[in-house]
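The values are calculated or read from the model by the stated rules, or taken from the named source; none is laboratory data. Note that the coordinates shown come from a computational prediction; the quantities given were computed from them, not determined experimentally. Note that each Cβ is placed from the backbone with ideal geometry, even for glycine, and that neighbours are counted across all protein chains shown.
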Amino acid sequence: MGEQQPVWPLKQTRKLLEDYQHQRFHKKGIDAGSAISAALTLWIAELCRIDGDEADARVLISQTIEEYPSHKGLHALEEHPSETPLPKIDHWGLIAPKLFAATAAKSG
C-alpha cells in the first residue's frame, strides 16, 4: 500500500477490496480495523484517481467516511468540489499523519 501500483489490473484490486469488506465481519473473517481498512480504501481511491476515474475515487472516499466517520480529514477530502480535480490522496498521511511523519523522518 505504498506509492507502487499493483501488477494486477485496477478492476481486480477493487474486487479484492470488495471481497475483504464482505468477509470482514464474518466469524472466520479477517478484520484489520477501521484505520487499516480506511487506508486501504483510500489507497484504491488514489489508484482510481490516477487511472482517471474520479467518480469511483469519490465513491471510495465516501465508503472510507462510513468506515471512519469521526475522521475530519476524510470529510474535507469528500467535500472537495466536484468541478475541480481531486488532489493526490495520501492514504497514510490522512489516516495516521503523526505515524507517517515519524516514519518519513526516520527514513529520510
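Annotations for the structure displayed:
- Restricting the first member to the range 39-53 and to residues that are free of Cβ contacts under 8 Å to residues at least 60 places away in the same chain and farther than 11 Å from Lys11 by Cβ, and the second to residues that are acidic (Asp, Glu) and not in a helix (DSSP H, G or I), the beta-carbon pairs closer than 9 Å and six or more apart or on different chains are Leu42/Asp90; Glu46/Asp90.
- Screening Cys48 on (1) surrounded by fewer than 16 Cβ atoms within 10 Å (Cβ to Cβ); (2) at pLDDT 85 or above shows it passes everything except condition (1).
- Of residues in the range 69-98 being touching a His at 6+ places or on another chain (Cβ under 8 Å) and surrounded by 16 or more Cβ atoms within 10 Å (Cβ to Cβ), the one modelled with the lowest pLDDT: Ile95
- Residue in the range 13-29 that is exposed (fewer than 11 other Cβ atoms within 10 Å of the Cβ), among the small types (Gly, Ala, Ser) and out of contact with any Asp or Glu (no Cβ under 9 Å at 6 or more places or on another chain) present: no
- For the range 57-87, a tally of residues being touching a residue at least 12 places away in the same chain (Cβ under 8 Å) and among the charged types (D, E, K, R) returns 3.
- Filtered residue count, the range 15-45, keeping only those that are among the small types (Gly, Ala, Ser) and modelled with pLDDT under 85: 5
- Test: residue in the range 90-108 that is more than 10 Å from the chain's Cα centre (by Cα), outside any helix (DSSP H, G or I) and within 22 Å of Pro6 (Cβ to Cβ): yes
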